[in-house]
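Here is the structure we will look at.
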Amino acid sequence: MRELLLIFLFGWVNCQLLEKSRSVWVEQGLVRGNIYNIDGKHIQIFRGIPYAEPPIGELRLKPPVKKTRWHQELPAVEYGPPCLQFMDFHKNDKFAKANMERQNEDCLYLNVFSPYDTDDESKTYPILVWIHGGSFLAGSADTGIDMEVIANNIVSKGIAFVSINYRLGPLGFMNFQNGDKLEGNFGIWDMVMALQWIQSNMKQFNGDPTRVTVMGESAGGAASSLLALSPKTTGLVHQAIIMSGSSMAGWAIHRHSQPAYSVDNLVAYFRSLDEGCEKWINEEDTKEVVGDEYQHLTQSVIRSSLCNYQNVKINCLSDDMSQPDKMSCLRKELNFSSPLFRKALSAELGVSKMVVDGDLIPSSGVSLVRNNARIPIMTGVARKEWGHKKAMFYNMHQRDGLKRSDVEEQVYRIIDNSFHETASEKLANSTIQLIANATIVRYLETPNSEFNADQVVGALQKLESDIEFVAPCEREVAAYVERGVPVYLYSFDYIPKSPILESERKIYSLFGTKPVETRRTEKSEMLDKSAFHGLDHAFIFSRGYSSNFEISPYTKREETMSKILCTMLTNFVKSGDPSTSRFSWPIFSGNNTQHVSVDVPLKLLEGEIHFPDAQFWNTEAELITRYVSKDSETDLDPDADLTNEERVQLSAYRRSWFALWVLVIIISVIIWGFVIYCVCYASRSPRNRPYDNILISKPN
């Protein structure tokens, strides 16, 4: 009875909000959405509009193709299916959970939320395009988004809001060499196609195509950073808001060695040989990433019969195929129906990355900005981006005492995996070790050389935050300033006084195979509590929810933070200046190096963002990378040209070879010992003694 009453009340409220439907013509045909009355303001919502042909069949693993015409009215009243997910970051999203179950390769849809003026239906508003994050492996246009909050925080302030899906993982970022051209970046091409659709059609939804701002967070921030610079988006994008991400980051654009998502590398994991896979996915890493669901998911696949948790064998792969031929084969037969296969592959290869293709992405690093910066940006990072990372990520969750070697091992790993990716070329192991030593002095050294686990975890969180977010942001800002392009720089520093609840779903054998949700107060594993990655999202798109974190209770102080942040964002979208009536935000330039601390109250801070953290990585560490000359590098480190995986394999091979020689020596010693023993034993035998009792008589 109670459930029926709730359904009735919800339906009644929905009827009060929904005023009427509205149909508009776009290039492809007629599309129908709904108009709502929210707090006296009319807002039109169109969800699930296809902006490109489904990227399936012959269009799979290719740049998107413009959507053709449809001949009947298209209802746009619910979100389109999310793109296939390669990680479960948003599987249990508060707002997108039900839609996540519809994930599909046919996923290139966008959504429009825009003001509707009943007195002037031709009035247009500036457009804000949201690009979701998720390591280019997960997420969708509706993850973490409360539609009512969007209406109040953004649309009611005179902004037309658009959110888009784009392809993820190998489907969006597999790359291959086609003649002298590197092809890939399909997920980024999807974004370009969506921006082209906006130029052609948003006027029909009361959006102004001459005032388009892209905004993204994390991987979406890196994509927004790239879209602001790509020659292919000239005239499509006029401003960018870049939150906690940058195309300067090593995890965003591939720099050196073979790309992890190159077709040659992927085929090695896909291809089944008589003796098994050409390359095996690390089972322990898969178990760690997949967690409690691992045993449950493995029941649906037979690893011994198919390669790396695949459900369907790829039969068209053979020796000596060209890269285009491999792509053609995968286009037809690659099957991602196994969730375990998708997650295991992502755990093995890491974040999907963009690649320099000479077209959409002409170059990488600072040169990309110096040659292409042209539109104003608003950019920044959280105070400690990885401040919510748990000790288990650093293998320090069960450590009572730490030795220096434990700390050195973790620092070296971070430098090799994070900083090394930002370098323009491979670094020698000796160079990485040199930077790691300097890093320990900079972040972790203590007068008594003792290491406390909590302090070490906090320092490692800050170390990774600085390498992956702060330093790239500062490099990008400096290059924009060189070009004389306006930059508004900020640090998100707000910390809620209310508890931050963390939701987690685990499988307990007592309750069967169905995951059970638990909620606990997020406990920071560092000494100082700081704003972390994605926390700002909770004040823009929802009332305190971001990924699996939720601020509860959501107090008036949180509402104040939300109002301040959203006012600045929408002011930038409308006028190119985020200043408010009570706070003047200066442009960051060579003459005025002030940035804003986004907090309650707002503050102006002098100097570079989080100074001197970025300075260490962008200056000192960069100088160290050039410390060892190329001439001596080979002598100092013959393995410098190997990838991490190849180094691990070579190290294992050397250990095996060493163990083999030790075994040979031991066996040789045993054999020679046995021979010597036999000789000695034989010499003691009575038969070998001289016959002193034999008399020989001389002949007469």
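The values are calculated or read from the model by the stated rules, or taken from the named source; none is laboratory data. Keep in mind it's a predicted model, so treat the numbers as computed, not measured. With ideal geometry, Cβ positions are generated from the backbone for all residues, glycine too; neighbour counts draw on all protein chains shown.
Of note:
- Tabulated pairs, the range 247-265, first acidic (Asp, Glu), second surrounded by fewer than 24 Cβ atoms within 10 Å (Cβ to Cβ) and part of a loop (DSSP other than H, G, I, E, B), C-beta under 8 angstrom, 6+ apart or interchain: Asp264/Gln258
- Matching residues in the range 407-425 - criterion: being crowded, with 16+ Cβ neighbours inside 10 Å and not in a helix (DSSP H, G or I): Ala423
- Subset tally (residues that are at positive phi and touching a residue at least 60 places away in the same chain (Cβ under 8 Å)) for the range 382-434: 0
- Taking the range 192-221 as the range and being over 19 Å from Pro376 (Cβ atoms), hydrophobic (A, V, I, L, M, F, W, C) and either surrounded by fewer than 22 Cβ atoms within 10 Å (Cβ to Cβ) or under 23 Å from the mean Cα position of the chain (by Cα) (or both) as the test, the residues that pass are Val192, Met193, Ala194, Ala219.
- Figure legend. Inter-residue proximity from the range 596-610: first residues closer than 16 Å to Pro578 by Cα and in contact (Cβ under 8 Å) with a residue 12 or more places away in the chain, second residues acidic (Asp, Glu) and surrounded by 13 or more Cβ atoms within 10 Å (Cβ to Cβ), beta-carbon distance below 8 Å, spacing 6+ or different chains. Indicated pairs: Ser597/Asp493; Val598/Asp493; Val598/Asp536; Asp599/Asp493.
Residues checked against (1) at pLDDT 85 or above; (2) more than 30 Å from Gly401 (Cβ to Cβ); (3) crowded, with 19+ Cβ neighbours inside 10 Å:
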| site | (1), (2), (3) |
| --- | --- |
| Gln455 | yes, no, no |
| Glu464 | yes, no, yes |
| Glu474 | yes, yes, yes |
| Ser491 | yes, yes, yes |
| Val516 | no, yes, no |
| Leu527 | no, no, no |
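- Positions within the range 359-384 being among the basic types (Lys, Arg) and either surrounded by 23 or more Cβ atoms within 10 Å (Cβ to Cβ) or in contact with a strand residue (DSSP E or B) (Cβ under 8 Å, 6 or more places away or on another chain) (or both), in sequence order: Arg374, Arg383, Lys384
- Close pairs from the range 435-452: first at positive phi, partner at pLDDT 80 or above, Cβ under 8 Å, at least 6 apart: Ser449/Arg404
- Annotation note: Cβ proximity below 8 Å between a residue of the range 49-68 that is in the same structural domain as Leu108 (by TED's automatic domain parsing) and a residue that is polar (S, T, N, Q) and assigned to a loop (DSSP other than H, G, I, E, B) (sequence gap 6+ or interchain) occurs for Pro50/Gln28; Glu53/Thr68; Lys67/Gln28; Thr68/Gln28.
- When Arg557 is tested against (1) surrounded by fewer than 16 Cβ atoms within 10 Å (Cβ to Cβ); (2) at pLDDT 95 or above; (3) part of a loop (DSSP other than H, G, I, E, B), exactly one condition is not met: (3).
- Residues that are more than 16 Å from the chain's Cα centre (by Cα), modelled with pLDDT under 90 and buried (at least 18 other Cβ atoms within 10 Å of the Cβ) within the range 385-406 comprise Ala391, Tyr394, Met396, listed in sequence order.
- Test for Leu434: is it assigned to a loop (DSSP other than H, G, I, E, B) and crowded, with 16+ Cβ neighbours inside 10 Å: no
- Being at pLDDT 90 or above and in the same structural domain as Lys62 (by TED's automatic domain parsing) is a property that holds for Ile361.
- Conditions (1) outside the structural domain of Ala252 (by TED's automatic domain parsing); (2) in a helix (DSSP H, G or I); number of the one not met by Arg370: (1)
- Screening Thr286 against (1) modelled with pLDDT of 80 or more; (2) buried (at least 18 other Cβ atoms within 10 Å of the Cβ) leaves a single unmet condition, (1).
- Among the residues here, Ser224 does not qualify as touching a Leu at 6+ places or on another chain (Cβ under 6 Å), surrounded by 24 or more Cβ atoms within 10 Å (Cβ to Cβ) and not assigned by TED's automatic domain parsing to the domain that holds Lys343.
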